[in-house]
Amino acid sequence: MRTTPLAVPAALTALLLLAACDTGGGDEGGDGKRESAACSVDTVSMEVGPASIAPAAGDTGEVPVGFTNQSATCTLDGFPEVRLAGAGDSATVEVPPAEGAKAQKLTLAKGESASFTLTYERGTPGDGAFDAESLRVDLSGTRTFRWTYGPVAADGQTGHKISVSAYQQVGD
């Protein structure tokens with residue numbers, strides 16, 4: 001039996017070929033791995049401390065902030081966005097990255113944890129020190145914690161002696 005070739009219009013052929021192609025769009029990257037959304041305060045549990053509190057003016061303290069992903073895989077990229085707020089939000093201090101710190105991109109699966117650390121110098125009240133009442137962590141939304149670690153020393157210019165480390169993976 002002889003078969004006769006079927007004539008398929010060029011436009012239909014092109015449409016069928018395009019439909020069969022995987023362009024790597026949608027929820028997958030070109031490498032076939034699922035792209036993850038940015039981690040947010042709605043998808044992670046977060047905890048501040050226990051801290052190594054600076055006991056007196058001129059001493060250095062460290063305040064760790066840890067969090068665990070409670071949802072689908074998410075990504076942390078860049079440095080933590082952190083600020084201190086004074087009484088009634090009258091003033092805020094943006095916390096800059098620590099000198100020499102290098103940001104890294106972390107991907108957290110459900111149940112995985114990460115942390116960052118605030119390092120500060122305790123100041124003397126009334127000597128340009130910032131009397132913070134709360135710590136605000138912005139992670140696609142804001143979570144607020146009480147600041148009980150004393151005033152933060154002025155750096156002699158317009159800033160204060162406080163910095164934040166890069167995100168660090170916790171555990172294995």
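The values are calculated or read from the model by the stated rules, or taken from the named source; none is laboratory data. What you see is a predicted model, and the numbers here were worked out from it, not measured in a lab. With ligands, DNA and RNA removed, areas are computed over all heavy atoms of the protein, side chains included. Shrake-Rupley method; radii C 1.70, N 1.55, O 1.52, S 1.80 Å.
Could you check how much of the accessible area of segment 30-139 is carbon and sulfur, as a whole percent, using a 1.4 Å probe?
After summing per-atom areas, the C and S share lands at 45 percent.
Report the Cα centroid-to-centroid distance between segment 131-150 and segment 35-94 in angstrom, as an integer.
7
Stretched out fully, how many nm does the piece from Ser52 to Asp155 gain, at 0.36 nm a residue minus the Cα gap? Before the final figure, lay out the partial values.
On the way: separation 103, 0.36 × 103 = 37.08 nm, distance 2.06 nm.
Gain on extension, Ser52 to Asp155, equals 35.0 nm.
Could you give the C-alpha radius of gyration of segment 42-172 expressed as a fraction of 2.2 N^0.38 Å, taking N as the number of residues it contains?
Numbers: Rg = 14.9 Å, N = 131, 2.2 N^0.38 = 14.0 Å.
Compactness ratio reported: 1.06.
Expressed in nm to one decimal, what extension gain is obtained for the pair Ser71 and Val41 from 0.36 nm per residue of sequence separation less their Cα-Cα distance?
Numbers: separation 30, 0.36 × 30 = 10.80 nm, distance 1.09 nm.
Length gained, Ser71 through Val41: 9.7 nm.
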